[in-house]
Amino acid sequence: MAFDLSSITRGKRLRAPKIVIYGPPKIGKSTFAASAPNAVGILTEEGLDNIDVAAFPVAKTYEDVLAAIGTLANDPHEFNSVFVDSLDWLEPLILGKICRENGVDNIEKIGYGKGYIMADDLWRKFFDQMDGLRNNRGMTIVCIAHEQINKVRNPTLSEDYDAYSLKLNKRAVAIISEWADIIGFASHEVMVRSVESGFNQKETKAITTGARKLHVNPHPAYVAGNRYGMADTSLSWAAFQQGLSAAMTAPTLTT
């Protein structure tokens with residue numbers, strides 16, 4: 001293909017988003033993903049029994065996952081969104097494939113961390129296949145993960161601190177962070193208040209408001225971010241879609 005000045009275009013490229021959400025169990029991550037427009041699930045774990053949504057059978061191997069993606073890429077269908085539930089159950093399938101190919105029963109037996117380096121290629125292949133669904137079929141991508149607390153080393157601070165991140169190997173988290181358009185941390189909204197504890201003393205207690213939030217902007221307490229300038233929102237697809245649409249269509253500010 002020849003490129004010249006006439007091939008240059010200007011403006012925002014509005015494509016279906018690539019979304020990763022993570023958070024504690026039972027907060028509603030699967031319900032959120034299943035609420036995406038005309039969604040179909042690629043499952044690596046059980047947990048959708050109470051959700052009325054189309055889904056492939058639970059994948060038992062990494063090859064099963066790629067086969068499901070291939071079906072959506074090549075066969076006629078009317079699905080507009082695909083979600084993967086979950087990435088942290090996909091990881092053992094990836095490591096299992098590496099173990100089989102290297103004749104070991106534990107990834108650590110490969111030595112020198114090489115097994116996790118090999119996993120990078122399989123993660124990238126998976127996300128390349130998911131990109132094909134977005135780019136060629138126009139499908140919105142939603143990947144779900146659970147959360148864990150990691151120690152963060154910050155050279156600008158005198159002390160390390162704890163922060164929520166995805167429940168995955170740090171190499172996988174780095175690949176996912178580069179791939180995703182949106183990484184959202186789902187949490188219960190919590191408030192603190194002081195209460196009397198006796199002897200003229202007070203103690204601070206945390207209480208939940210019942211609201212569930214999806215944080216999509218960077219914060220020291222959790223991994224999050226988005227490429228659209230989108231604001232944090234409620235953990236519901238309707239609220240998320242409204243916020244995303246507003247951000248994607250907002251005029252670009254110039255100075």
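Of all residues in segment 40-57, those being under 22 Å from residue 147 (Cβ atoms) and of a type in the set (A, V, I, L, M, F, W, C) number 4.
Looking at segment 141-152, can you tell me whether even one residue there is free of Cβ contacts under 8 Å to residues at least 24 places away in the same chain, out of contact with any Asp or Glu (no Cβ under 8 Å at 6 or more places or on another chain) and part of a helix (DSSP H, G or I)? Taking every residue of segment 141-152 in turn, none turns out to be free of Cβ contacts under 8 Å to residues at least 24 places away in the same chain, out of contact with any Asp or Glu (no Cβ under 8 Å at 6 or more places or on another chain) and part of a helix (DSSP H, G or I).
With respect to (1) acidic (Asp, Glu); (2) in contact (Cβ under 8 Å) with a residue 40 or more places away in the chain; (3) out of contact with any Cys (no Cβ under 9 Å at 6 or more places or on another chain), the lone exception for residue 85 is condition (3). Which residues, taken from segment 1-34, are at pLDDT 95 or above and open to solvent by 60 Å² or more (accessible area, probe 1.4 Å)? Of everything in segment 1-34, just one residue is at pLDDT 95 or above and open to solvent by 60 Å² or more (accessible area, probe 1.4 Å), namely 31. Residue 45 falls short on exactly one of the conditions (1) open to solvent by 70 Å² or more (accessible area, probe 1.4 Å); (2) closer than 29 Å to residue 232 by Cα, and that condition is (1). The residues of segment 170-212 that are part of a loop (DSSP other than H, G, I, E, B) and either at pLDDT 90 or above or of a type in the set (D, E, K, R) (or both), listed by number, are 180, 181. Only a single criterion out of (1) more than 22 Å from residue 80 (Cα to Cα); (2) among the acidic types (Asp, Glu); (3) open to solvent by 60 Å² or more (accessible area, probe 1.4 Å); (4) at pLDDT 95 or above is not satisfied by residue 160, namely (4). Considering segment 129-140, and only residues there that are among the polar types (S, T, N, Q) and outside any strand (DSSP E or B), the residue that is nearest to the chain's Cα centre (by Cα) turns out to be 129.
Counting only residues that are open to solvent by 20 Å² or more (accessible area, probe 1.4 Å) and of a type in the set (Phe, Trp, Tyr), which one in segment 100-150 is farthest from residue 223 (Cα to Cα)? The selected residue is 112. Among the conditions (1) at pLDDT below 95; (2) of a type in the set (S, T, N, Q); (3) under 21 Å from residue 119 (Cα atoms), the only one that residue 44 does not satisfy is (1).
The values are calculated or read from the model by the stated rules, or taken from the named source; none is laboratory data. Nothing here was measured: the structure is a model prediction, and the numbers come from that model. Ideal geometry is used to build each Cβ from the backbone, glycine not excepted, and the neighbour counts take in all protein chains shown. The area values use the complete protein model at the heavy-atom level, side chains included, leaving out ligands, DNA and RNA. Shrake-Rupley method; radii C 1.70, N 1.55, O 1.52, S 1.80 Å.
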